[in-house]
Amino acid sequence: MRFKVITLLFCCLLFTNFWGCKNDDNIVNTGSEQYVADFETLWNHFDKEYCYFPFKNIDWKQLHDLYLPSVEKASSAESFISICASMLAPLRDGHIYFIGPNGTYIPTHINSYPPNYDASVYQALFQQYNGVMVNSSTGYVVVDSILCVGIQSWLDAQFNISDFDNILDSNSDMHGVIIDVRANGGGNQNLALEVAGRFTSVATVGSYSQVRSGPLYTDLTPLHSIMVTPRGKTWKKPVVVLTGRKCFSSNEGFISAIENIPSVTTIGDTTGGGSGNPKFYSFSNGWQYTVPQWIEHTADKKIIEWNGIPPGIYVKADSLDFAKGDDPVFDYALNWIKEKVKN
């Protein structure tokens, strides 16, 4: 699943005296012995379940020994969580984070890549072509007889598959479709795969996953295929999916799946490279933390974490373009479909 990261909160909170912004210490202070016990529990959960230690070349025992003395001196919940976050930071994993009893969210890693889209340019295009929002994450416009659908989340509470189906079916006479997921950080991958299923008439591998299968860091299950199943009337006209560095998690699973369908072309930039399927655990003081449970591979068996998924066609877009009101990625996709239709 993907989560919105508040950069200011991260800078304020992580690694140092980050609790000045929001104080959870008055909830529980169990003392240093309990902090040590909770620290060992966290460390052991990662030691037994985390898949990426060899891939990331991390000496997990060394990190334990480095941070344990600080935990033994911890005198507050704030300092304890800060130490744990610091220990986990070298993993550079966007699926590892902490949630406090009152909702405080502490990430351990933030992807710093700039987006290849701009919200104000989005909005201007939407208004220019009388766009329609069908739910909180999904809207569409029609430009030159090309259907353009924006999907900003795969979360259950924000995305509805029937809404997408209605958009596609009610615009079946269009020359092609652009699906823009550049602002989509993830959610329910099963929903995303249902969307992909509208563009294939045969079952196809979308991606592969692995999980830990034993005590050794190298003990991994064989690759398990994650399939795309045909669903509904297959859209057979040209399909373009717009991708970029802010695509993460289940959205990368979607991109891996849909780019493997012959009628689909991905355009934009490489995705963010963060895939982990996190599992939640709780400390005795009410804080929760996550432990990513899998390695996800693309359909051609390349690890997504840290690498991302490159687009079929790379198109540069940056702040200079957006300042002029331009979106080179969208413009390229629009012209690409027009040329396809001509041929």
Handout entry: Estimated distance in nm for a label pair at ASP300 and LYS316, the labels positioned 7 Å out from Cα along Cα-to-Cβ
Key = 2.4 nm
Completion exercise
Along principal axes, largest first, the alpha-carbon spread of the range 205-343 in whole Å comes out as 59, 37, 28
Handout entry: Calculated diffusion of the range 56-168, Stokes-Einstein form, Kirkwood radius summed over Cα pairs, 20 °C and 1.002 mPa s, µm²/s
Key = 118 µm²/s
Problem - Cβ-Cβ FRET estimate between THR41 and LEU223, R0 fixed at 30 Å, reported to 0.05 - result: 0.50
Exercise for the section: Report the antiparallel proportion of the DSSP beta bridges in the chain as a percent, rounded to a multiple of 5. Expected result: 65 percent
Fill in the blank from the handout: Ranked by GNM mean-square fluctuation in the chain (Cα springs under 10 Å), the top entry among PHE53, PHE164, PHE199 is PHE53
Completion exercise
Looking only at lysines whose Cα falls under 25 Å of LYS61's and that sit 8 or more positions away or on another chain, we get LYS48, LYS73, LYS279
Problem - For the range 85-235: rounded, prolate or oblate by the Cα gyration tensor [a/c cutoff 1.5] - result: oblate
Practice task
Calculate the tail of P(r) for the chain: the fraction of all Cα-Cα distances greater than 37 Å, expressed in %.
Solution key: 25 percent
Handout entry: Dimensionless Rg/Rh of the range 187-282 - Kirkwood Rh, Rg from C-alpha atoms
Key = 1.03
Practice task
May I ask for the angle, rounded to the nearest 10°, between helix 249-258 and the longest principal axis of the chain, with both axes built from Cα atoms and the value confined to 0 to 90°?
Solution key: 30 degrees
Handout entry: Electrostatic dipole magnitude of the range 32-131 [Cβ: Lys, Arg +1; Asp, Glu -1; Cα centre; debye, to 20]
Key = 300 debye
Handout entry: Dipole moment magnitude, nearest 20 debye, the chain about Cα centre, only Lys, Arg, Asp, Glu C-beta charged
Key = 720 debye
Practice task
Work out the length of the dipole vector of the range 236-343 about its Cα centre, built from +1 on the beta-carbon of each Lys and Arg and -1 on the beta-carbon of each Asp and Glu, and round it to the nearest 20 debye.
Solution key: 320 debye
Handout entry: Fewest-first ranking of CYS247, CYS84, using other Cβ atoms within 10 Å as the exposure measure
Key = CYS84, CYS247
Handout entry: Dipole of the chain, positive direction: furthest Cα of ASN188, PRO238, LEU42, with charges on the beta-carbon
Key = PRO238
Practice task
Treating cross-link reach as a plain straight distance, find the aspartates and glutamates whose alpha-carbon is under 17 Å from the alpha-carbon of LYS324, omitting any fewer than eight places away in the same chain.
Solution key: ASP118
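Bear in mind that the values in this text are calculations on the coordinates, not laboratory data. Values in this document were obtained by computation on a predicted structure and should not be read as measured data. Here the Cβ is made from the backbone with ideal geometry for all residues, glycine too, and neighbour counts use every protein chain on show.
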